[in-house]
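The values are calculated or read from the model by the stated rules, or taken from the named source; none is laboratory data. The structure displayed is predicted, hence computed values, not measured ones. Cβ atoms come from the backbone with ideal geometry, glycine included; neighbour counts cover every protein chain shown. These area figures cover heavy atoms from the full protein model, side chains too; ligands, DNA and RNA do not enter into them. Shrake-Rupley method; radii C 1.70, N 1.55, O 1.52, S 1.80 Å.
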Amino acid sequence: MKILLIGAGAREHALGRALRNDPSVSEVFAAPGNPGIAQVATTFEVDMLDGSAVARLATELGVDLVVIGPEAPLVAGVADAVREAGIAVFGPGKEAARLEGSKAFAKQVMADAGVPTAMAHVCMTAAEVEAAMADFGAPHVIKDDGLAAGKGVVVTGDRLAALAHAQGCLGKPGGAIVVEEFLDGPEISLFCLSDGRTVVPLAPAQDFKRLGDGDAGPNTGGMGAYSPLPWAPADLVEQVVERVAQPAVDELARRGTPFVGLLYCGLAMTSRGIRVIEFNARFGDPETQVVLARLDSPLATVLHATATGTLDRIPPLRWSEEAAVTVVLACPGYPEGPTLGSAINGVAEAEQVPGVHVLHAGTVTDDAGALVSAGGRVLSVVGTGADLAVARQRAYEAMTRIDLEGCLFRTDIAAPERLPVG
Ligand code: AMP
Ligand code: GLY
């Protein structure tokens, strides 16, 4: 099987690495890719938001499957263009991708499907936002309706800060705000494959979204993750499939816009039970880095079955007994104003640590062939081991070998004191 992978982050590097390891895969192509992805795939320049360009490239390369990593091309309809060209694609079409692209749409689907989620009001004016905030009380949860790369949500006890964020989002053309009830309790991410009908869950993971140790600072795209979740109830995955993923997939099928790809369920485990915080229409980053590190089944075969409506025929997924921890290395100034263009050293040395691999996100090679930072999140260092403590120790040992001036990373990813009590 030949595969074209779309994207340029550490998530796509993890996907490319796992696809490459599937014996049924003869070639992996990627666009646009990054220097890490280029180690496991042949890369091409393409505007990944241009559906006809992606479909043309896939046709020219004669691939059997296109795997779309990020949300932006999905929301832009790139999967539809590839499907229309007669090529199997892992990733929902534009309409189903609205589950991620519009929080108001996701709320409507959840209401229609009876999926438990936070109570919410969709607001178009500052006065409506104020009324909704008064209704739910503090802490306030204010969400930009549209895509905002993990930065559209503000959770704060400060009424004025909440209103200021709402004003900023409403100022955009077509701006809408979702004001929500605050959900307490630990958050988990469960990725579910869906071929439009059948749902197959992957292993759950937990992401650390805040920038600083102890969950201080702003929300980011994600600073680290781990899997499995030793504290989680034994029936967690079953519950989420039954109460969340399957009903949502069934509702989209009923609407005639089946969801084919990865349904990312972001959940809060509240005292009143599981609630959906968000749906995404793609693999999460950095959770993918740890989930795929533990997947023993051949990824390309699984994604191809998802894309071709045959998920009910694949054997049960196999998982490694090992744990995985990933720590994200970010540029100074991330997330507001990252400083780019600095030399990165020590990646090869980091990978000498047993059980460690390093995935690239915002990196480029300069004219001299040296590795240089080119994005807010630069690398994802993944450690695996017999348990979380070993995996974590290895990831951090590897991190000490990497050199990027002024870089940031959290020191408490998967630390025992950060794990919820089971
Ligand atoms: P989202 O983009 O919707 O995932 O929100 C980003 C982050 O904001 C989530 O991972 C949570 O940590 C937090 N968050 C979102 N919605 C809520 C909520 N209703 N209650 C508490 N925290 C929330
Ligand atoms: N890790 C959060 C996300 O991918 O949206």
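The set of residues in the range 189-201 being open to solvent by less than 10 Å² (accessible area, probe 1.4 Å) and either charged (D, E, K, R) or more than 10 Å from ligand 1 (Cβ to nearest atom) (or both) consists of LEU190, PHE191, CYS192, LEU193, SER194, GLY196.
Could you please let me know if VAL358 is touching a helix residue (DSSP H, G or I) at 6+ places or on another chain (Cβ under 8 Å), within 16 Å of ligand 2 (Cβ to nearest atom), open to solvent by less than 10 Å² (accessible area, probe 1.4 Å) and among the β-branched types (Val, Ile, Thr)? No.
For ALA134, indicate whether it is away from ligand 2 (no atom under 16 Å from the Cβ), modelled with pLDDT under 95, surrounded by fewer than 21 Cβ atoms within 10 Å (Cβ to Cβ) and in a loop (DSSP other than H, G, I, E, B). No; evaluated as a whole, the condition is false for this residue.
Just one of (1) part of a helix (DSSP H, G or I); (2) among the hydrophobic types (A, V, I, L, M, F, W, C); (3) open to solvent by less than 60 Å² (accessible area, probe 1.4 Å) fails for VAL382. It is (1). If VAL154 satisfies all but one of (1) within 15 Å of ligand 1 (Cβ to nearest atom); (2) among the hydrophobic types (A, V, I, L, M, F, W, C); (3) open to solvent by less than 10 Å² (accessible area, probe 1.4 Å), what's the number of the condition it fails? Checking VAL154 against (1) within 15 Å of ligand 1 (Cβ to nearest atom); (2) among the hydrophobic types (A, V, I, L, M, F, W, C); (3) open to solvent by less than 10 Å² (accessible area, probe 1.4 Å), the one that fails is (3).
The range 172-231 holds strands (runs of 3 or more DSSP E) entirely within its bounds, and those carrying 2 or more residues that are under 21 Å from GLY383 (Cα atoms) map to 187-195, 210-212, 224-227. In the range 25-43, the residues that are within 16 Å of GLU60 (Cβ to Cβ) form Cβ pairs under 8 Å with partners that are basic (Lys, Arg), at six or more places apart or across chains, as follows: GLU27/LYS2; VAL28/LYS2; VAL28/ARG20; PHE29/LYS2; ALA41/ARG20.
The set of residues in the range 398-414 being surrounded by fewer than 17 Cβ atoms within 10 Å (Cβ to Cβ) and on the phi < 0 side of the Ramachandran plot consists of THR400, ASP403, GLU405, THR411. Tallying residues that are crowded, with 18+ Cβ neighbours inside 10 Å, of a type in the set (Gly, Ala, Ser) and more than 16 Å from ligand 2 (Cβ to nearest atom) within the range 202-231 yields 0.
Return the residues of the range 162-174 that are in contact with a strand residue (DSSP E or B) (Cβ under 7 Å, 6 or more places away or on another chain) and open to solvent by 30 Å² or more (accessible area, probe 1.4 Å); say none if nothing qualifies. Result: HIS165, LEU170. If you go through the range 273-310 and keep only what is more than 16 Å from ligand 2 (Cβ to nearest atom), assigned to a helix (DSSP H, G or I) and of a type outside the set (A, V, I, L, M, F, W, C), you end up with ARG294, THR301, HIS304, THR306. In this structure, ARG294 does not qualify as within 16 Å of ligand 1 (Cβ to nearest atom) and touching a residue at least 60 places away in the same chain (Cβ under 8 Å). Condition check: touching a residue at least 40 places away in the same chain (Cβ under 8 Å), open to solvent by 20 Å² or more (accessible area, probe 1.4 Å) and in contact with a Leu (Cβ under 8 Å, 6 or more places away or on another chain). Does PRO247 satisfy that? So PRO247 does not fit the description; no. Of all residues in the range 250-267, those satisfying the criterion of being closer than 26 Å to VAL381 by Cα and either open to solvent by 40 Å² or more (accessible area, probe 1.4 Å) or within 15 Å of ligand 1 (Cβ to nearest atom) (or both) are LEU263, TYR264, CYS265, GLY266, LEU267.
The set of residues from the range 73-97 being open to solvent by 40 Å² or more (accessible area, probe 1.4 Å), touching a residue at least 40 places away in the same chain (Cβ under 8 Å) and either closer than 13 Å to ARG282 by Cβ or of a type in the set (S, T, N, Q) (or both) comprises just one member, VAL75.
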